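Okay, structure first, notes after.
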Amino acid sequence: MADVWLMRHGAYEGHRPGYHAPHEAVLTQEGRDQVRRSLPLPGGITAIVTSPISRARQTATLVSHLTGLPIVATSGLLAEWRAPSIVLGRTAETYPPAYRAWRARRLANPSLRCEDGESLTDLHTRARHCAAFLLHTAQRHGPLLAVSHTLLLGVLTRLQEGPTAFTSAAKAPWQFAELRFLPAYQRVAPGLQRPAR
């Protein structure tokens, strides 16, 4: 089974604690420097996959440029948790009442959505499918680097916790351009079949 390494994108414009970045937020110069400092990658990586969101895609493109590794897929499975539109570009002190109410109820009812946002159950299901996608892609292309976002990466590495993995992920965010190994036991989630070879 080929190795899978996970990387969070670099720092982006507008970032601050509790901020839900709009998809068009781009890497800053510090973000590009963080990506450069993350190199060299662990040995053996032969390909890159990335989230389609700008800051992740720019990170993957820079890694590809600096290492010569090909980007073999861009997948929405690697996109960040889909926060409701009402909080994009906002920080905690400006969250609207509907979002605050959802936050108070989300653990008791993980399938509950706030407007057009993704529920905790939705995110966990997507992370399970992402694990299968990463396994399949690594079987095809060899050891893999997947560039994504802090909440999705956190849930991906805590699949056994179920939908409440969102809370653990939010409490232990990844640093910008940080690399972590995806443990083998997380690569095939319960209830999903292995992709055909």
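Summary table
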item	result
Residue in region 124-132 that is open to solvent by 10 Å² or more (accessible area, probe 1.4 Å) and either among the charged types (D, E, K, R) or touching a His at 6+ places or on another chain (Cβ under 8 Å) (or both) present	yes
Criterion: under 17 Å from the mean Cα position of the chain (by Cα), more than 12 Å from H9 (Cβ to Cβ) and either of a type in the set (S, T, N, Q) or open to solvent by 30 Å² or more (accessible area, probe 1.4 Å) (or both) - qualifying residue of G89, G44, G76	G76
The lone exception for P17 - which of (1) surrounded by 18 or more Cβ atoms within 10 Å (Cβ to Cβ); (2) under 18 Å from G154 (Cβ atoms) it fails	(1)
Residue within region 80-88 that is without any contact (Cβ under 8 Å) to a residue 40 or more places away in the chain and not in a loop (DSSP other than H, G, I, E, B) present	yes
Unmet criterion (only one of (1) without any contact (Cβ under 8 Å) to a residue 12 or more places away in the chain; (2) small (G, A, S); (3) touching a helix residue (DSSP H, G or I) at 6+ places or on another chain (Cβ under 9 Å)) for G117	(1)
Residue selected from region 111-123 under the condition open to solvent by 10 Å² or more (accessible area, probe 1.4 Å) and among the hydroxyl-bearing types (S, T, Y), by the criterion farthest from I48 (Cα to Cα)	S111
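The values are calculated or read from the model by the stated rules, or taken from the named source; none is laboratory data. Please read these numbers as outputs of a predicted model, since none were measured by experiment. Note that each Cβ is placed from the backbone with ideal geometry, even for glycine, and that neighbours are counted across all protein chains shown. In case anyone asks, the SASA skips ligands and DNA or RNA and just uses the protein heavy atoms, side chains included. Shrake-Rupley method; radii C 1.70, N 1.55, O 1.52, S 1.80 Å.
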